[in-house]
Amino acid sequence: MKSETFQPKLKAFALGGIGEIGMNAFVLEYQDDIILIDCGQMTPESEMPGIDLVIPDFSYILENKEKVRGIILTHGHEDHIGALPYILQEISAPVFGTPLTLGLVRVKLQEFNLNGKAQLVEITPRSPISLGAFYIIPYRVTHSVADAIGFAIETPLGNVLFSGDYKFDPNPHAGEYFDFFTVSSYAEKGVLALFADSTNVERQGNAPSEINVTATLDRLFREAESTVVVSAFASSIYRIQTIINLAEKYDRYIFVTGLNMVRNINMARDLGYLNVTDGRLRDLKDIEDVPPRRRLLLSTGSQGESLSVMSRLALDDYKWMKLKPGDTVIISARLIPGNALDILQMINHFSDREANVYYEGIENVHASGHAYRDDMKHLIQIARPRYLIPIHGESRHLRAHRALALELGMDDKNIFILKNGLPVEFDGAKAQVGERIPTGRVLVDGKGVGDVDKDVLRERLHLSQDGMLIAILAISRKTGELAADPYIVTRGFVFVDESEELLNRAKKVVLQAFMECGCKTRDDWSEVKEEVRRALKKFIKVETARFPMILPVVIEI
Ligand SMILES: [Zn+2]
Ligand SMILES: [Zn+2]
């Protein structure tokens, strides 16, 4: 008689990064071993007022922390490393990354005083590491940040490839060529599953090389007759090198601003990822002593963040320098769709200063780091996976990625569109979707992690859209009668000076609601408050068609 044997499964699921662009964190689990691939954050959406950043819910990792063999990082972008400081306060797993990636991690951990505590282990392409049941071979990929890698992971149930963020750049900086050899050698051995980046599936053709950006920036530098301001992401070490090279070529002194930009440049110079001639970088306080023709201001703030140097420059409110008509402003970064309004506003303000502003869409000042459609096809063709799991994308990207694989002849049932927390499980013979693991988003506001919930967000949204009205009732403890006229305070609701008449009538409404409430209920002020709130809400709606948050306050005197 044949007894049914227990077949261990390989379980793969995302804690973040599926159905959204940002907070990438992917879990591979086999029996008692878990590895976490990347640990990113996401910029808050506009419906999240006051939130600094969003990170994945790591409950599953914390509940299984004794199984976690390590965190392996593909590259140093925020959407892949930004949540590390939060998880490293809870678990002590080693973190593996390439030298530049770990350099960016160190800068980040420094802010949280975690640098001495975290165990950071340097890895290099093609030098394998063993973590429990997983044998991991990092391989070089090209992306918009230097020192990026993907992973080939050998598991007891087959080899999986994890693309990381990649494109095929034929002219990468520092000769960091995409390692097609490792990918195709795994194709020869057999690839069980490919987990691949879906970001740019809507863009036809091949992703442009970083070298195209260099040519455009070179022309803009050549044509510039006065001050040049360039904004880029602080982690875009390639781009920063390009800009530094142009400053050398056109003999401009570089003034660096933005805390992360300064820190990352120092770190990358120390590690040998950035080359700058001594004396080329100058102190900001000297900027007015250098003729405009020889100035380059290099800054963060490409997304129009309200307190950034770029926004302040645009508003003529920057301490060290003023823009003059004819100055050149280059935003050499992706315009993230969620930030579009802020960025366009900033560009308008630069235009008010009569500066020449160049940005993605009107000039080739930025090249995406993500594979385009034809590149994505190419990856599937060389990896020849049995199963494809599109990741790193919103719902429509994942589905378009699937459609593309179907065009290549892949079988629909071998492609899994997952959700965060929804695992695909391999048992050696087949793959199927497993039971969903609870996941979610954790909102970070200042020092609070996860203490802003849906209710708080709803209140913030309400306040930000409609303002508030507070009705204060001073009630005599002895008689239960009003000791003074009701008092009304508003914020963000109406312009008080012009609304005296309305607010006076509102006071009468409060008074009447209080009277009609009846003596017997006055022991319980919550009932009085509810009556007042209801009456005011109705009155305000009829008079103004607005819906401010209404807060009745009772003070016993
Ligand atoms: Zn990236
Ligand atoms: Zn990414």
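The values are calculated or read from the model by the stated rules, or taken from the named source; none is laboratory data. All of these numbers come straight from a predicted model, not from anything done at the bench. Heads up, the Cβs are rebuilt from the backbone with ideal geometry, glycines too, and the neighbour counts pull from every protein chain shown. Please note that ligands, DNA and RNA were not included when accessible areas were found on the heavy atoms of the full protein model with its side chains. Shrake-Rupley method; radii C 1.70, N 1.55, O 1.52, S 1.80 Å.
For the pair LEU307 and ASN504, what calculated FRET efficiency results from E = 1/(1 + (r/R0)^6), where r is the Cβ-Cβ distance and R0 = 51 Å, to the nearest 0.05?
0.80
Starting from the coordinates of the alpha-carbon atoms of segment 176-273, obtain the Kirkwood hydrodynamic radius over all distinct pairs and give the value in Å to one decimal.
So the Kirkwood estimate lands at 16.8 Å.
Show ASP375, ASP455 ordered by accessible area, largest first, where the area counts protein heavy atoms only and the probe is 1.4 Å.
Solvent-accessible surface, decreasing: ASP455, ASP375.
I'd like to know which of LEU536, ALA471, ASN212 lies farthest towards the positive end of the charge dipole of the chain, counting +1 on Cβ of Lys and Arg and -1 on Cβ of Asp and Glu.
Result: ASN212.
So how exposed is LYS189, as accessible area in Å² (1.4 Å probe, rounded to 10)?
Accessible surface of LYS189 is approximately 130 Å².
Quote the charge dipole size of segment 467-556 about the Cα centre in Debye, to the nearest 20; the model charges only the Cβ of Lys and Arg (+1) and of Asp and Glu (-1).
The dipole magnitude comes to about 220 debye.
Of the heavy-atom accessible surface of segment 467-556 (probe 1.4 angstrom), what whole percent is carbon and sulfur?
53
Could you provide, to the nearest whole Å², the per residue accessible area of the chain with probe 1.4 Å?
45
To make sure I understand the rule: partners must be aspartates and glutamates, Cα under 16 Å from the Cα of LYS447, and not fewer than 8 residues away in the same chain. Which ones qualify?
List returned: ASP52, GLU90, GLU111.
Positive end of the charge dipole of the chain (Lys, Arg +1 and Asp, Glu -1 on Cβ, about the Cα centre): tell me which of SER127, MET346, LEU194 has its Cα farthest that way.
So the residue we want is LEU194.
To the nearest 20 Debye, how big is the dipole of the chain about its Cα centre, given +1 on the beta carbon of each Lys and Arg and -1 on that of each Asp and Glu?
240
Sort TRP320, TRP525 by heavy-atom solvent-accessible area, probe 1.4 angstrom, most to least.
Putting TRP320, TRP525 in descending order of accessible area: TRP320, TRP525.
Report, in degrees rounded to the nearest 10, the 0 to 90 angle that the Cα long axis of helix 373-383 makes with the longest principal axis of the chain.
50
How far is helix 340-352 tilted, in degrees, relative to the longest principal axis of the Cα atoms in the chain, given as a value from 0 to 90 rounded to the nearest 10?
90
Taking a threshold of 30 Å on the Cα-Cα distance, which of the pairs LYS419/LYS454; LYS9/LYS108; LYS249/LYS285 fall above it?
LYS9/LYS108
Of LEU296, VAL444, LEU408, which is farthest towards the positive pole of the chain's charge dipole, taken about the Cα centre with +1 and -1 on the beta-carbons of Lys, Arg and Asp, Glu respectively?
Checking the options against the dipole of the chain, the answer is LEU408.
Find, to one decimal place in angstroms, the Kirkwood hydrodynamic radius of segment 302-428, where the mean of 1/r is taken over every pair of different Cα atoms and then inverted.
18.0
Might you work out the accessible area of PHE547 for me, using a 1.4 Å probe with all protein chains in place, and round it to the nearest 10 Å²?
Surface open to solvent at PHE547 totals about 100 Å².
Could you pull out every one of the lysines with an alpha carbon less than 21 Å from that of LYS538, ignoring same-chain neighbours closer than 8 positions?
Here the lysines satisfying the reach criterion relative to LYS538 are LYS507, LYS508, LYS529.
Using a probe of 1.4 angstrom, how much of the accessible area of segment 53-154 is carbon and sulfur, in percent?
C and S fraction of accessible area: 44 percent.
In whole percent, and with a 1.4 Å probe on the protein chains, what portion of the accessible area of segment 372-441 is carbon and sulfur?
Exposed carbon and sulfur together represent 46 percent of the surface.
Quick one, what does Rg over Rh come out to for the chain if you take C-alpha atoms and the Kirkwood Rh?
Dividing the radius of gyration by the Kirkwood radius yields 1.07.
Along its three principal axes, how long is segment 467-556 when you only count alpha carbons? Whole Å, largest extent first please.
Result, largest extent first: 37, 20, 17 Å.
Could you run the Karplus curve 6.51 cos²θ - 1.76 cosθ + 1.60 with θ = phi - 60° over segment 34-39 and give me ³J(HN,Hα) per residue in whole Hz, x for Gly and Pro?
10, 10, 10, 9, 6, 7
Calculated from DSSP H runs of 4 or more alone, at -39500 (n - 2.57) each and per residue, what is the 222 nm mean residue ellipticity of the chain, nearest 500?
-9000 deg cm²/dmol
Just to be sure I understand the model, the point goes 7 Å from the Cα along the line to the Cβ. What's the resulting ASN212 to GLU248 distance in nm?
2.6
Which value in Å is the Kirkwood Rh of segment 108-167 over different Cα pairs?
13.2
If you put +1 on each Lys and Arg Cβ and -1 on each Asp and Glu Cβ, how big is the dipole of segment 210-359 around its Cα centre, in Debye rounded to 20?
180
Using only the alpha carbons, work out the radius of gyration and Dmax of segment 383-475 in angstrom.
Here Rg and the maximum Cα pair distance are 22.3, 77 Å.
Kirkwood Rh over alpha-carbon pairs of segment 210-359, then Stokes-Einstein at 4 °C and 1.567 mPa s: what D in µm² s⁻¹, rounded to an integer?
This corresponds to a translational diffusion coefficient of 85 µm²/s.
Given the Cα-Cα distance of ARG294 and ARG384 and 0.36 nm per residue of separation, how much length would full extension add, in nm?
Length gained, ARG294 through ARG384: 27.2 nm.
Would you please report the Å³ per residue occupied by the convex hull of the alpha carbon atoms in segment 372-416?
In segment 372-416, the Cα hull volume divided by residue count equals 67 Å³.
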